[in-house]
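Colleague: Please read through the structure below; I'll follow up with questions.
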């Protein structure tokens with residue numbers, strides 16, 4: 001009976017996930033994949049549940065994803081999408097299964113895209129059921145990890161961008177977070193098409209979400225904005241910064257949640273990466289933003305410290321005024337008799353933090369700079 005088969009698969013998957021040392025036999029794994037794909041054809045509850053069990057089996061496991069791929073799992077799940085109106089539970093399961101299948105392997109993503117079912121997933125973004133909308137976003141997040149298609153600007157089009165931006169206003173926080181996950185991928189867009197997202201009102205929406213009462217939403221909104229800033233041209237950076245403002249960024253750098261602090265600093269790090277004009281942004285509003293960075297670095301985790309030091313390193317790569325401003329931030333506490341945070345970071349057990357701190361010193365004391373020797377003596 002299909003129901004008994006599903007229960008047996010569920011038990012084996014639970015045992016496998018709880019104790020990875022069990023069920024290592026490739027034959028058993030292959031049989032599980034085969035059975036679950038067969039059960040997917042059941043028209044009732046068994047077929048609805050089979051996708052969820054399958055997801056639990058392959059989630060995060062590259063070897064099982066490869067095995068499923070070799071057993072035509074992508075085709076099987078895409079065929080389900082092509083059947084038209086599916087029960088919300090089944091549609092949710094199929095989307096999550098595709099998300100897990102395409103989470104690590106580019107071959108899976110390319111096969112998915114070749115089967116021309118992307119439009120069906122995009123349609124699911126407007127489904128009445130919040131769980132389906134979230135699952136569609138999770139699926140798209142996996143698909144949009146395809147570097148080849150990101151480089152080609154394949155995902156930066158209004159058919160995908162507009163429904164995603166609308167989901168940023170969704171009443172469900174889980175849907176908002178899932179939509180932000182997709183947006184964080186597509187706005188990296190190595191082409192010059194970031195303007196599509198801006199013209200559709202995406203930046204305004206992201207900035208609004210940085211003010212959310214939910215730290216997870218603030219974190220993901222900043223992540224998306226950080227990715228938009230990555231290798232952006234001056235015009236794009238200026239437009240984003242005008243929406244964000246220095247005072248809002250300063251408050252986000254001082255957010256109660258360290259993960260939000262880290263993303264805010266990483267965003268500013270990308271903002272000031274580049275030409276002198278970009279660096280000038282941290283001096284807007286009487287240097288509110290740079291002062292916030294200096295204050296925050298006095299007592300932070302290593303992860304936050306790394307982003308903050310690379311930010312200061314970028315500013316220190318500018319002209320003499322920029323270098324002197326960074327130096328003043330480094331020496332601010334030392335003037336009060338306390339140890340400068342840069343000294344603490346240079347002595348950190350985390351090599352990444354030590355490296356970030358060294359880069360600040362290197363950029364401040366580069367031999368060809370007029371004031372290099374004086375700064376070297378002060379540091």
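Colleague: Working carefully through the options 91, 95, 86, find the one that is more than 27 Å from residue 210 (Cα to Cα), assigned by TED's automatic domain parsing to the domain that holds residue 26 and outside any helix (DSSP H, G or I).
Modeller: So the residue among 91, 95, 86 that is more than 27 Å from residue 210 (Cα to Cα), assigned by TED's automatic domain parsing to the domain that holds residue 26 and outside any helix (DSSP H, G or I) is 86.
Colleague: Mind checking whether some residue in the stretch 118-135 is over 21 Å from residue 210 (Cβ atoms), touching a helix residue (DSSP H, G or I) at 6+ places or on another chain (Cβ under 7 Å) and not assigned by TED's automatic domain parsing to the domain that holds residue 55?
Modeller: No, the conditions are met nowhere in the stretch 118-135.
Colleague: May I pose another question? Could you check, for the stretch 21-32, whether at least one of its residues is closer than 24 Å to residue 121 by Cα and assigned to a helix (DSSP H, G or I)?
Modeller: The answer is no; no qualifying residue exists.
Colleague: Tell me yes or no: at least one residue of the stretch 228-246 is within 17 Å of residue 304 (Cα to Cα), crowded, with 23+ Cβ neighbours inside 10 Å and touching a residue at least 40 places away in the same chain (Cβ under 8 Å).
Modeller: No - not one qualifying residue is present in the stretch 228-246.
Quick grid of which residues meet (1) crowded, with 16+ Cβ neighbours inside 10 Å; (2) part of a loop (DSSP other than H, G, I, E, B); (3) assigned by TED's automatic domain parsing to the domain that holds residue 12:
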| site | (1), (2), (3) |
| --- | --- |
| 57 | yes, no, yes |
| 80 | yes, no, yes |
| 100 | yes, no, yes |
| 104 | yes, yes, yes |
| 116 | no, yes, yes |
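The values are calculated or read from the model by the stated rules, or taken from the named source; none is laboratory data. Only a predicted model underlies this, so the values are computations on that prediction, with no experimental measurement involved. We place every Cβ from the backbone using ideal geometry, glycine too, and count neighbours over all the protein chains shown.
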